[in-house]
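See below for the structure under consideration.
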Amino acid sequence: MDLTFILAVAPPLLIVAYIIKADRFPEPKGTCFLTFVAGTIIIVPAAILNDKLIPDASYAYLAGFTEETLKFLTIYFYVSRSTNFDEPMDAIVYGTLVSLGFATFENLQYVYYSGGSPDAVAIIRAFTAIPLHACCGIIMGYYFGLYMFKNKDTLNLFKSLFFAIGFHAVYNYFATRNVLLMVIVLIILITFARRLHKILRTEQENA
C-alpha cells in the first residue's frame, strides 16, 4: 500500500470513524459497511449523468444536483428500509457513510487520473472535497432523520435534499471561479454541519 493511496482513502475513513464513534448507540458494523459500499456504487450512475449534463468545468455546479440526488435516493430507498435505522442520529451516520463511500471512490479517481501530482491532489482534497461530501451527508441525514422520526413534515424531506444540493452546487461553482469564496462556503458548511450533529449528540446524551 503506497503513500498516495493512504492519502486518498485515510481522510474519508477517519471522518467515518469519528461519526460512527460519536453515536451513543453504535450501528452494526456490517450495516455500516454495506451502506458505505452503496455509496461507492452510485458513482457509476453519477458519472453517466455528469458526463451527459456537464459539458465542461464551468458547469461543474450541476454535479451538486446529480450526486446529492443519488445519495438522497440511496438513503430513501435503501437505508431507511433497514431495521437498524431507528433513531435520528442513524440518519446522520448512514447519510455520512453513503456520502463518504461516494467521496472515497471519487477521490481515488481524481488522485490517480486528474493529471496533477497525485499526492498534492490527495492532500488538497482532504481539506476541501472530502469535508464537503461529509458535511452534505450530515446535513442531509439530519433533516431526513427529522422527517422519519420527529414528524412526517415533507418540508424536512425537502430540506434534506435542498441544503445538500445547494451547498454542493455553490461550492463547485466557486471552485472553478473564486477559491477564496469556495473556502468561505466550505467554512460555513462545516460550521452548519457541526451544529446539526451536535444537536443530535446532545439529544442522545439527555435521553
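Scan the range 19-68 for residues that are closer than 17 Å to MET89 by Cα and in contact with a Gly (Cβ under 6 Å, 6 or more places away or on another chain) and jot them down. If the condition is that a residue be closer than 17 Å to MET89 by Cα and in contact with a Gly (Cβ under 6 Å, 6 or more places away or on another chain), then PHE36 is the only one that fits. For the range 81-95, the criterion of being within 21 Å of VAL170 (Cα to Cα) and polar (S, T, N, Q) is met by none of the residues.
Only one of the listed residues (PHE192, PHE174, PHE167, PHE144) is part of a helix (DSSP H, G or I) and more than 24 Å from ARG125 (Cβ to Cβ). That residue is PHE144. Kindly establish whether LEU14 is without any contact (Cβ under 8 Å) to a residue 12 or more places away in the chain, in a helix (DSSP H, G or I) and over 16 Å from THR74 (Cβ atoms). Judged against the criteria, LEU14 is a match. Against the test of being open to solvent by 40 Å² or more (accessible area, probe 1.4 Å), part of a helix (DSSP H, G or I), closer than 22 Å to ASP90 by Cβ and of a type in the set (A, V, I, L, M), the options ILE139, ILE199 yield a single qualifying residue, ILE199.
Within the group ALA63, ALA120, which residue is open to solvent by 30 Å² or more (accessible area, probe 1.4 Å) and at pLDDT 95 or above?
ALA120
Would the range 1-18 turn up any residue that is open to solvent by less than 30 Å² (accessible area, probe 1.4 Å) and among the hydroxyl-bearing types (Ser, Thr, Tyr)? Yes, there is a match, as at least one residue in the range 1-18 is open to solvent by less than 30 Å² (accessible area, probe 1.4 Å) and among the hydroxyl-bearing types (Ser, Thr, Tyr).
Inclusion of ALA57 among residues that are surrounded by fewer than 12 Cβ atoms within 10 Å (Cβ to Cβ), in contact with a Ser or Thr (Cβ under 6 Å, 6 or more places away or on another chain) and of a type in the set (Gly, Ala, Ser) is warranted.
Among the residues of the range 152-173, some residue qualifies, meaning at least one is touching a residue at least 24 places away in the same chain (Cβ under 8 Å) and open to solvent by 80 Å² or more (accessible area, probe 1.4 Å).
The values are calculated or read from the model by the stated rules, or taken from the named source; none is laboratory data. Just so you know, these numbers come straight off a predicted model, no measurement behind them. Methodologically, a virtual Cβ is constructed for each residue, glycine included, from the backbone with ideal geometry; neighbour enumeration extends over all protein chains shown. What goes into the accessible areas is simple: the full protein's heavy atoms, side chains included, and nothing from ligands, DNA or RNA. Shrake-Rupley method; radii C 1.70, N 1.55, O 1.52, S 1.80 Å.
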